[in-house]
Amino acid sequence: MPREFSRPQRVAAQIQRELAQLIQFEVKDPRVGLITISGVEVSRDLSHAKIFISMLESGHEVDEALKGLNSASGFLRRELGKRMIMRVVPNLHFVYDASVERGANLSALIDAAIASDRKD
């Protein structure tokens, strides 16, 4: 019977859960504020993981948060190694996911269009 999810997808889901806890409770860098891990993509050979983060703030705070996360990536990788049973823990690459911000902008545009239609 084939598995429903491939190994990289299962590893990505586990990394997302573990990193959310680690960043919330263990990372003490003040540059890292309130972030959300919106997704994780793991390479087929499990050597690299691209972690997509989103924040409510945009602009300079995002750049600082990415710098803080990238500087803490060694610590996070070591802690993942302790929590997950894997031979090799993937290298972590943090990327800003602007989809939440784009969604809010589109929603505002739709609301404005509906309001202008009702006015006419």
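Just so you know, all these numbers are worked out from the coordinates, no wet-lab data involved. Because the structure is a prediction, the values reported are computed rather than measured. Please note: Cβ atoms are built from the backbone with ideal geometry, for glycine as well, and neighbour counts cover all protein chains shown.
Counting pairs of alpha carbon atoms under 8 Å apart in space and at least six apart in sequence, what relative contact order in percent does the chain give? It would help to have the intermediate numbers written out before the result.
Numbers: 127 pairs, mean separation 30.8, N = 120.
Relative CO of the chain lands at 26 percent.
Are there chymotrypsin sites (Phe, Trp or Tyr not before Pro) in segment 1-54 that DSSP marks as loop and that have at most 16 other Cβ atoms within 10 Å, and which are they?
Phe5
Within straight cross-link reach of Lys119, meaning Cα distance under 19 Å, which aspartates and glutamates are found once same-chain residues fewer than 8 apart are removed?
Asp111
Under 22 Å Cα to Cα from Lys50, which lysines show up? Leave out anything in the same chain fewer than 8 places away.
Excluding near neighbours in sequence, the set is Lys28, Lys67, Lys82.
Could you tell me the calculated FRET efficiency between Asp45 and Arg118, based on Cβ-Cβ distance and R0 = 41 angstrom, to the nearest 0.05?
Numbers: r = 55 Å, r/R0 = 1.33.
Step by step, r from the Cβ atoms, then E = 0.15.
Rounded to the nearest 0.05, what FRET efficiency is calculated for Lys67 and Ser107 with R0 set to 25 Å and r the Cβ-Cβ distance? Provide the component values of the computation, followed by the final result.
On the way: r = 30 Å, r/R0 = 1.19.
Plugging the Cβ-Cβ distance into 1/(1 + (r/R0)^6) gives 0.25.
Using +1 at the Cβ of each Lys and Arg and -1 at the Cβ of each Asp and Glu in the chain, identify which of Ile23, His93, Phe5 lies farthest towards the dipole's positive end.
About the Cα centre, the residue reaching furthest to the positive side is Phe5.
Against the globular-protein guess of 2.2 N^0.38 Å, express the Cα radius of gyration of the chain as a ratio, rounded to two decimals.
Cα Rg divided by the expected 2.2 N^0.38 Å: 1.32.
All other residues with a Cβ under 15 Å from the Cβ of Glu79 taken together, and with Lys, Arg as +1 and Asp, Glu as -1, what is their net charge?
For residues surrounding Glu79, the net value is +3.
Tell me the GluC sites (Glu not before Pro) within segment 2-39 that lie in a loop according to DSSP and have at most 13 other beta-carbon atoms within 10 Å.
Listed in order of number, the matching sites are Glu4, Glu26.
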